[in-house]
Amino acid sequence: MLRIRSAGIALLTLSAAGFVAAEERPPVKIDKPRLEAYVRYAEGYTPEVKIRADDPVPSPYPGILRVPVHVSLGEHRLDRIYYALPDGQRFLSGSVWDLGTSPFLDTLERLPKDGPAVGPPTAKVTVVVFSDFQCPYCRQLATILRTNIPKKYPNDVRVVFADFPLDTIHKWARPAAEAAHCMTDGNAEAFWAFHDWIFEHQGEISETNLREKMIAYAQSKGMDTGKVGACMQSRATASEVEQSQKTGERLQVQETPTMFINGRLLNGARPWETLDSVIKLELLRPSDIALPEDGGAHGTDKPATLLK
């Protein structure tokens with residue numbers, strides 16, 4: 001496998017002129033082939049890896065543009081985000097900090113906000129979990145979150161679920177996610193009941209009996225099994241799962257579970273003690289560090305990707 005090495009965060013001293021509002025400057029143009037070649041060298045990508053830079057787009061930071069760079073090796077993909085300075089010749093690799101806003105502002109603005117959620121919308125802490133119904137580590141994390149958060153933080157923490165099926169290693173994860181949407185779209189209570197049930201019975205489900213299990217579950221809940229079966233057969237909800245996965249890819253999600261706690265990325269089924277400490281950190285966040293209004297060693301499942 002090829003290791004993708006994350007470049008260090010460059011600390012640059014920028015003149016005030018470097019932060020003139022973008023609308024006061026001519027459109028920034030970048031030499032994309034040159035940038036792609038530079039990224040290949042800086043990050044240590046081998047020749048088989050394809051690299052494609054997008055056109056620069058506005059970032060949350062005045063005068064700085066966001067440049068997504070797509071890295072792929074066969075069917076495996078990784079998105080990296082770089083930031084272009086106004087001259088189009090200098091780039092930031094890493095985080096951009098504005099001391100008046102969250103250091104995770106760029107991530108927060110791109111996290112899904114309309115997925116099935118539990119917890120009050122006014123909660124001070126939002127946990128977004130990218131998960132896969134066939135992933136055993138996702139089951140572990142789901143148990144940790146569902147057991148502890150309602151008890152300790154019923155009013156302070158909101159959990160949002162996002163689909164991220166790993167097709168290369170979990171063959172029934174995507175159809176299960178599509179089935180979940182068939183049965184529960186628009187009904188958060190129904191979704192979380194299904195969420196808990198499928199993780200509890202994960203070991204009983206296979207690629208061959210998935211449809212049978214889904215129909216039996218729908219019947220046990222008094223649903224129209226004909227409608228559910230037709231929805232699954234036609235894959236009517238496939239685009240919803242695909243959209244969630246693409247959102248995750250743009251956020252550089254590569255494994256499950258991956259969660260963002262107020263935008264702070266954590267991979268794996270972390271123990272409750274770790275999650276609790278991060279939640280406490282967010283609850284004690286200084287009042288002058290604003291969030292948008294909308295706003296490894298740990299167990300993970302990952303396909304054969306660009307990462308070791």
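A short reminder: the numbers here are calculations on the coordinates, not readings from a lab. Keep in mind that this is a model prediction, so the values were computed, not measured. Positions of Cβ are generated from backbone atoms using ideal geometry, with glycine treated the same way; all protein chains shown enter the neighbour counts.
Treating each Cα of the stretch 105-171 as one equal point scatterer and applying the Debye formula with no solvent, the log10 of I(q)/I(0) at q = 0.28 Å⁻¹ comes out as -1.24. Overall, the anisotropy analysis places the stretch 40-191 in the oblate class: the square-rooted eigenvalues a ≥ b ≥ c of its C-alpha gyration tensor yield a/c not less than 1.5, with a/b not exceeding b/c. Translational diffusion coefficient of the stretch 93-139 (Stokes-Einstein, Kirkwood radius from Cα pairs, 37 °C, 0.692 mPa s): 245 µm²/s.
Its Cα gyration tensor gives the stretch 16-96 an equivalent ellipsoid. The semi-axes, each the square root of 5 times an eigenvalue, are 25, 11, 11 Å from largest down. The residues neighbouring VAL160, those whose beta-carbon lies less than 11 Å from its own, together hold a net charge of +1 under the Lys/Arg +1, Asp/Glu -1 convention. For LYS227, the lysines whose Cα comes closer than 19 Å to its Cα, not counting residues fewer than 8 places off in the same chain, are LYS213.
Its Cα centre serving as origin, the chain has a Cβ charge dipole (Lys and Arg +1, Asp and Glu -1) of approximately 580 debye.
Computed about its Cα centre, the charge dipole of the stretch 117-283 is approximately 300 debye, with only Lys, Arg, Asp and Glu carrying charge at their Cβ. Taking every alpha-carbon pair within the stretch 139-289, the share separated by more than 26 Å comes to 31 percent.
In the chain, helices alone account for a calculated mean residue ellipticity at 222 nm of -10500 deg cm²/dmol, with every DSSP H run of four or more residues adding -39,500 (n - 2.57). Dipole orientation for the stretch 16-96: of the candidates TYR61, PRO47, SER93, PRO47 has the Cα lying most toward the positive pole (charges on Cβ; Lys, Arg +1; Asp, Glu -1).
Only beta bridges with both residues in the stretch 96-208 are counted; by DSSP, about 20 percent of them are antiparallel.
Among the chymotrypsin sites (Phe, Trp or Tyr not before Pro) within the stretch 69-161, those in coil by DSSP and having at most 15 neighbouring Cβ atoms inside 10 Å are TRP97. Pairs from the list LYS113/LYS280; LYS151/LYS280; LYS152/LYS221; LYS50/LYS246; LYS221/LYS246 with a Cα-Cα gap above 24 Å: LYS152/LYS221; LYS221/LYS246. Near the amide H of TYR82, within less than 5 Å, lie the amide hydrogens of VAL67, VAL69, all on another chain or at least 5 residues away, with H placed in the peptide plane. The magnitude of the dipole of the stretch 16-96, with charges of +1 and -1 set on the Cβ of Lys/Arg and Asp/Glu and taken from the Cα centre, is near 100 debye. Taken over the Cα atoms of the chain, the convex hull encloses 152 Å³ per residue.
Highest average first, the peptides 198-208, 232-242, 280-290, 174-184 ordered by how many other beta carbon atoms sit within 10 Å of their residues are 174-184, 232-242, 198-208, 280-290.
With each label modelled as a point 7 angstrom along the Cα→C-beta vector, the ASN148-GLU48 pair spans 4.0 nm.
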